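Here, each number is a calculation from the coordinates, and none is a lab measurement. The structure presented is a predicted model; accordingly, all values stated were derived computationally and were not measured. Here Cβ is always computed from backbone atoms with ideal geometry, including for glycine, and neighbour counts include all displayed protein chains.
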Amino acid sequence: MLRKRFTFGAALAAVILLAPLAPSAIAADPVVNTITLATWGSSPAETAALTDAIATFQARFPNIKVDLITDTDHSAQMAAKFAAHTPPDVFYVDWSVAQDWINQGVLYDLSSSIASSNFSLAPFNKSYLKPFQSGGAIYGLPKDANPLVLEGNKTLMAKAKIKALPKTIKEFDLQAKLLLAKKITPMCVDADLNRLGAFFVSFGGGISNSSWSQSLLGTAQTKAAMNWVMGNYKSGAFRTPSQLSAGWAGEAFGKAKCAYTMEGAWLDPFLHDSFPAVFKAMVKAPLPTGKHTGSLAFTAGYSIGKDSADKADAWTFIQYMTGARGMTIWTSQGVAIPSRSDVPTPFGYDVNALVAKDKYTVSPPAIVGWSKVIDAFNNQAKKQIQNKKFNVAKASAVVLSAAQAAWPSN
Amino acid sequence: MLAVATRPPNSVAARQKRRRMWNEAFVGWGFISVPMALFLVLSVGIFFYAIYISTYKWGMLGPRGFVGLKNYKQAFHDPIFLKSIRNSVLYAVLVVPLQTALGLLLALLVNSKIKGAKFFRAAFYFPSIASSAAITTLFIFLLAPAGLFNQVLSFFGVNVPNLFNQGAWLSDSRTALLSIVGLNMWTTSGTMMLFYLANLQSIDGSLMEAGVMDGATRRQVFWYITMPLLKPAHFFVVTSGMIGALQLYDQAILAGGADGSPDYSLMTMVLYIYNACFRQFEFGLASAIGIILFVIIFSLTLLQRFAFGSSAWRGE
């Protein structure tokens, strides 16, 4: 009896000890690598679109699991992670900080990955690649694009007997008078260089030259545009969101506190969810032309950190998300428009896509220290317009010279 | 045996007493060693590390070259930083006396024998425990051009659109900081009330009774008996209030954004540190500002300690 028990015990121990060495008759679960993806907080529509895109990625690459992290203050949280040498595997990079992060040496050069996997950059709009390029290397790929377009509220326009959105600056001026006569604020736009700069372009000036090496804030055309903008703030044709008791221009537009605003594709899902009546009454057009058309476009990219743990899987993810298939899913719900020419424009975003392709739609200069220029411009602009009886020419000059003084090359 | 016999009889007791004292000291030091080590590493150590960082051009991945005092020079040559000092000091100068006076007033109120004193005590303290972000957001709504505050003004006949700031209290550089003073005076007064209340309840009532029997009026009792006896609370409230005020950050960034707009009227020293660190990624500069802020706070605290006299901070 004792011998039987001993034999059984020995056999059991042998099975347990040798089991890992034996070739498995049963197929083992595939090894699943988890990569972390850090993004910033967004609207429910954006989150849903991203979740869908991630789900399709995971279905296609079942051995890679994506762990989504939504940062509340992405830039600050990423800075802390970079400093600790523990960045996520993949993360969003906003155009405005891309060159700062490249300059800090925290981003991984994707050139070798792009070359080894024959990933073509040809379908990408070059201006959306530019914020992520430096010294012949590329540190991120644009996940989408978002140009500023003019949005109008048909209901409010009808009250002033306006049938169509203004095509030119002159038409805008005429319509503004009609709306003001009906005590309707024509345009809600923040005193922000990332909005008003669009008019600098359409007036024939701009924020910077195409290589971002030189400021255009001192040109006569930019000064003329700034005078027109500040004149509108003085006449009441432009009001800031805070003047209309709103947190941002989209909220003021949604609350029907203004007839027009100028935002990107992010406005549509916001209105759809929060102000459905205004969403139904919304019409879109390119911004009114001055000397020619003009708008500003923004982008954000996917990057890998220099210290990211799983660069290979991270690159697989970026390839998919910035490839035609992933970008189609991501942009299909219309939170942004594609940064690739081979991805179809989502339904309802033809105007945004048209503006994105326009040759006078430019990206603001994503130069190192850009935040200082923005801060200088915005602070001075808000200071000037807080006085009811400001001198337009003087105020314009003060704002532009403040921004010029903060330009990094100075 | 002989040695023991020749020793004085109390030497054994003395030795045992010494041993007991050593044991107690050992246990005592053992208990505080962990928090003390954490304090030394995370507070004192970090302070010296910040001094070290401030002498370097320091990016997100670490040092990028020794620069000596250049970060300090850069800070003092930046008009926005100088404005942030001015804003922080102005804010502290305004908010500390106001929150102190309001806290004292509330403490006297809830310390008196009024009906519902416990309810009022809780009600006055509530803003102090509420989330700063939530309270500030609420305040942004209240002070918006179409907000409740302007509606009340309109009710009393004020033509709000014709006001110098057109009713935009938080987005006008002339009223933004003052609005934050009003907000924080309200939110912090509850905490100040508690400090005063604790001190008020520790005052021997017989002193006041003696004053009254000697013919002192209620006002005289308050000014000549109560107020001097509240000196430790005054010192604590003013010092802690000033330290907190000079570190204003959350209300400033929520109301004015990271750029402290308009006209940098809400740019405080701590917000400037945030910008240097997380928007410009100049950790060396941010550390230098942190050290400058420490020097300002430390100097003002010493000044207050001197002004209040040693009896205040000793709690006598």
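A few points about this structure:
- A simple spin-label model places the labels of B:ALA146 and A:VAL283 2.4 nm from each other, with each point 7 Å out along Cα-to-Cβ.
- Helix-derived mean residue ellipticity, 222 nm - over chain A, DSSP H n ≥ 4, -39500 (n - 2.57), to 500: -13500 deg cm²/dmol
- Taking every lysine pair in chain B that is 8 or more places apart or spans two chains, those with Cα atoms closer than 30 Å amount to 8.
- Gyration tensor verdict on segment A:297-390 (Cα atoms; rounded if a/c is under 1.5, prolate if a/b is larger than b/c, oblate otherwise): oblate
- log10 of Debye I(q)/I(0), alpha-carbon scatterers only, for chain A at 0.06, 0.09, 0.13 Å⁻¹: -0.30, -0.59, -1.13
- Using C-alpha pairs under 8 Å with a sequence gap of at least 6, the mean separation divided by the residue count of chain A gives a relative contact order of 25 percent.
- Beta bridges per DSSP, both residues in chain A: antiparallel share near 60 percent.
- Exposure proxy shown here: for A:LYS284, A:LYS306, the number of other Cβ atoms within 10 Å sets the order, fewest to most, as A:LYS306, A:LYS284.
- Here the dipole of chain B is about 1140 debye; that uses its Cα centre as origin and unit charges on the Cβ of Lys and Arg (positive) and Asp and Glu (negative).
- Across A:LYS130/A:LYS394; A:LYS255/A:LYS284; A:LYS81/A:LYS126; A:LYS177/A:LYS359; A:LYS167/A:LYS223, pairs whose alpha-carbon gap is larger than 28 Å: A:LYS130/A:LYS394; A:LYS81/A:LYS126; A:LYS177/A:LYS359
- Per residue, the convex hull volume that the Cα atoms of segment A:331-372 enclose (Å³): 102
- Projecting the Cα positions of A:SER210, A:VAL343, B:PHE39 onto the charge dipole of the protein assembly as shown (unit charges on Cβ atoms of Lys, Arg, Asp and Glu, taken about the Cα centre) puts B:PHE39 furthest along the positive direction.
- DSSP-defined antiparallel bridges as percent of all bridges, the protein assembly as shown, nearest 5: 60
- Backbone N atoms of segment A:339-358 closer than 12 Å to the 7 Å Cα→Cβ label point of A:SER210 are not found in any residue.
- Under DSSP loop assignment and at most 13 Cβ neighbours within 10 Å, longest trypsin sites (Lys or Arg not before Pro)-free interval of chain B: B:116-313
- For the protein assembly as shown, Cys with no neighbouring Cys Cβ under 4.7 Å: B:CYS277
- Between the Cα long axis of helix A:220-235 and the first principal axis of chain A there is an angle of about 80°, rounded to the nearest 10.
- Shown is the FRET efficiency for A:ASP273 and B:PHE48, computed with R0 = 60 Å from the Cβ-Cβ distance and rounded to the nearest 0.05: 0.75.
- Taking B:VAL44, B:VAL67, B:VAL93 in turn, the Gaussian network model of chain B (Cα-Cα springs below 10 Å) assigns the largest fluctuation to B:VAL44.
- Long-range Cα-Cα pairs in segment A:263-322 (distance over 15 Å), rounded percent: 69
- When each full DSSP H helix of chain B is screened for a Cα extent of at least 27 Å along its own axis and an average Kyte-Doolittle hydropathy of at least -0.5, the helices passing are B:11-39, B:79-111, B:176-201, B:283-308.
- Counting only Cβ charges, +1 for Lys and Arg and -1 for Asp and Glu, the dipole size of the protein assembly as shown around its Cα centre is about 1060 debye.
- The overall shape of chain B is oblate: from the C-alpha gyration tensor, with semi-axes ordered a ≥ b ≥ c, the ratio a/c is 1.5 or greater and a/b is no larger than b/c.
- When chain B is treated as a GNM with alpha-carbon contacts under 10 Å, the residue of B:ALA252, B:ALA130, B:ALA101 showing the greatest mean-square fluctuation is B:ALA130.
- Size check on the protein assembly as shown: the Cα extents along the three principal axes, sorted descending, read 107, 102, 56 Å.
- Cut-off 12 Å between beta-carbons: net charge of the residues surrounding A:SER127, Lys and Arg +1, Asp and Glu -1: +3
- Tail weight of P(r) past 19 Å, computed on alpha-carbon pairs of segment A:161-312, percent: 58
- Debye log10 I(q)/I(0) for segment B:98-249, one point scatterer per Cα, at q = 0.09, 0.13, 0.14, 0.21 Å⁻¹: -0.40, -0.74, -0.81, -1.25
- Least to most buried among A:GLU46, A:GLU263 (fewest other Cβ within 10 Å first): A:GLU46, A:GLU263
- Among the residues of A:373-384, the average count of other protein chain beta-carbon atoms within 10 Å of the residue beta-carbon is 5.
- Counting neighbouring Cβ atoms within 10 Å and putting the fewest first, the residues A:SER371, A:SER308, B:SER112 line up as B:SER112, A:SER371, A:SER308.
- In this simple spin-label model, placing a label point 7 Å from the Cα along the Cα-to-Cβ direction at both A:ALA84 and B:VAL93 gives a separation of 4.1 nm.
- Rounded to whole Å, sorted largest first: equivalent-ellipsoid semi-axes of segment A:125-249, Cα gyration tensor: 32, 17, 13
- Projected label distance in nm at B:LEU109 and A:ALA158, using a 7 Å step from Cα toward the beta-carbon: 5.2
- Note that segment A:159-173 has calculated 3J(HN,Hα) couplings of 4, 9, 6, 9, 9, 9, 5, x, 8, 10, 4, 4, 4, 4, 4 Hz, one per residue in order, obtained from phi through the Karplus relation 6.51 cos²θ - 1.76 cosθ + 1.60 (θ = phi - 60°); glycine and proline are x.
- Principal-axis tilt of helix A:193-202 within chain A, Cα atoms, nearest 10 degrees: 60
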